[in-house]
Amino acid sequence: MIASYIARRILLTVPAMIAMSFLVFFIIRLVPGDPALVILGLRATPETLATLREQLHLNDPLHVQYGNWIWNALQGDLGEDFRTHEPITDMILTRLPVTLEMAVLGLLFAALLGIPLGIIAAVRRGPADVASTSLGLFGISMPEFWLGVMLILIFALELGWLPSSGYVPMRESVVDNLKHMILPAVTLGVNFAAVLTRTTRSAVVDAMNRPFVQTARAKGLRERSIVVGHVLRNSALPILTVMGMQFGYALGGAVIIEQVFGWSGVGWLT
């Protein structure tokens, strides 16, 4: 059930990505300004500008430009950086592993913290519920850049436990890699953990009120077995959906966090 749900969600992303690429392309092309003039500068001659526009196919209709761009993108050709003339695909592939590693570890931290807190809040009403809800609201309200700076001040500068910046590839040293990853991953994961806590609590509370739980209790099953064996399985879909959305947000949130921790990931390309 979960596997088929994930497969359907992945298939639905294809038309969504096509529509988004169409929208982004046309919005950028409709922005006032001449790309050729931006590249060559104000001192460029009309002949030079006309030549560059022809080379970049800027004189073609917009739908033709979009078709050329999407066809090249499907073949892995995203063009060149007009400043460095470096292929954009190579620039992304060089920096993407750093950002992906941080996103995965941040999401893992969020899952390990947020899901158990959400389950506890749903199962044990009272102080535990209030505490987890309060922590969730606190985590959602904290700006990532502020949290990152605070973690650097406390754990890097004051205590000296972890490095404040830089990145060490895992192939060079697993230990050093994890040391440099902890603070950025926690910074990224706190907000996601707060969202997961609220989502998990809501999903588990909803599942606990369903008839199959009453049936399991009538059969004499222990509460822990009911939660682990039945409730969590029926609560998995909304949790997985939120985690999938959070992974996309993690790649976007890396822009700010990479600036704070001095990483040369995808965020530096913006």
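What follows is calculated from the coordinates using simple rules that are stated; it is not laboratory data. Only a predicted model underlies this, so the values are computations on that prediction, with no experimental measurement involved. Please note: Cβ atoms are built from the backbone with ideal geometry, for glycine as well, and neighbour counts cover all protein chains shown.
Exactly one residue among Arg53, Arg9, Arg29 is among the charged types (D, E, K, R), under 30 Å from Met243 (Cβ atoms) and surrounded by 13 or more Cβ atoms within 10 Å (Cβ to Cβ), and that residue is Arg9.
Candidates Thr99, Thr84: the one that is touching a residue at least 12 places away in the same chain (Cβ under 8 Å) and of a type in the set (Ser, Thr, Tyr) is Thr99.
Applying the selection to region 109-126, what residues are within 26 Å of the chain's Cα centre (by Cα), among the small types (Gly, Ala, Ser) and over 16 Å from Leu137 (Cα atoms)? The one that is within 26 Å of the chain's Cα centre (by Cα), among the small types (Gly, Ala, Ser) and over 16 Å from Leu137 (Cα atoms): Ala111. Restricting attention to region 155-212, the residues that are crowded, with 16+ Cβ neighbours inside 10 Å, farther than 13 Å from Met102 by Cβ and not hydrophobic (A, V, I, L, M, F, W, C) add up to 9.
Considering region 213-232, the residues that are closer than 26 Å to Ser134 by Cα and charged (D, E, K, R) include one that is surrounded by the fewest Cβ atoms within 10 Å (Cβ to Cβ), namely Arg224.
Would you call Leu93 within 15 Å of the chain's Cα centre (by Cα) and of a type outside the set (S, T, N, Q)? Answer is no for this residue. Among residues of region 233-264 being more than 28 Å from Ser164 (Cα to Cα) and hydrophobic (A, V, I, L, M, F, W, C), the one that is surrounded by the fewest Cβ atoms within 10 Å (Cβ to Cβ) is Met245.
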